[in-house]
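The structure appears right after this line, and notes come after that.
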Amino acid sequence: LLLLIVSMLTLGSALDNSGALALIVAKVSPLLSTVQPIVALALVYTLTSILTELVTNNAVAVLLAPIAAGVAIQLGLDPRPFVVAVMFGASASFATPIGYQTNTLVYNAGGYRFTDFLRIGIPMNIITGAATVLLIPLIWPLVP
């Protein structure tokens, strides 16, 4: 796990130094410039949540945090709520046994099936996502 985190930090740094991060931000920002800031926040959270179900949460957080911050700055919004949305989205991995280490540990030991995670996890992801997107702007305003 520690090796994975260090590797993802290195990859995040490489994205920044190579200019790939700026390119991603430049491509995504125009798409989000036409929506309300809360919708942009919800889309960042949703993307993070979906990716964290497929890849480990640490990798998703390290890769998407600078992208989310860059997009927020490009849109003239405070980057903090967007980074917080990435952190919450990456931590709320309920729908698969892949995205979070504890899910993987209990998958075999508990005799669970993949569909068990989907059946319980998808509603949990939706509830957590809605609460997160509604509460983040109350603590960290979207407009600087």
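For first residues located in the stretch 95-106 and at pLDDT 85 or above and of a type in the set (G, A, S), partners that are surrounded by fewer than 18 Cβ atoms within 10 Å (Cβ to Cβ) and in a helix (DSSP H, G or I) and lie 6+ apart or on another chain with Cβ distances below 7 Å form the pairs A95/L118; A95/I122.
Residues that are crowded, with 21+ Cβ neighbours inside 10 Å, hydrophobic (A, V, I, L, M, F, W, C) and either on the phi > 0 side of the Ramachandran plot or not in a helix (DSSP H, G or I) (or both): does the stretch 95-109 have at least one? Yes; the residues of the stretch 95-109 include at least one that is crowded, with 21+ Cβ neighbours inside 10 Å, hydrophobic (A, V, I, L, M, F, W, C) and either on the phi > 0 side of the Ramachandran plot or not in a helix (DSSP H, G or I) (or both). The set of residues from the stretch 110-126 being assigned to a helix (DSSP H, G or I) and either surrounded by 12 or more Cβ atoms within 10 Å (Cβ to Cβ) or among the hydroxyl-bearing types (S, T, Y) (or both) comprises F114, T115, D116, F117, L118, I120, G121, I122, P123, M124, N125, I126. Taking into account only those residues within the stretch 42-61 that are surrounded by fewer than 23 Cβ atoms within 10 Å (Cβ to Cβ) and among the β-branched types (V, I, T), which is farthest from Q101 (Cα to Cα)? Ranking the candidates gives T46 first. Screening T34 with (1) surrounded by 19 or more Cβ atoms within 10 Å (Cβ to Cβ); (2) over 22 Å from I122 (Cα atoms) gives one miss only, at (1).
The values are calculated or read from the model by the stated rules, or taken from the named source; none is laboratory data. Predicted, not measured: the structure shown is a model, and the values here were computed from it. Note that we place each Cβ from the backbone using ideal geometry, even for glycine, and neighbour counts take in every protein chain shown.
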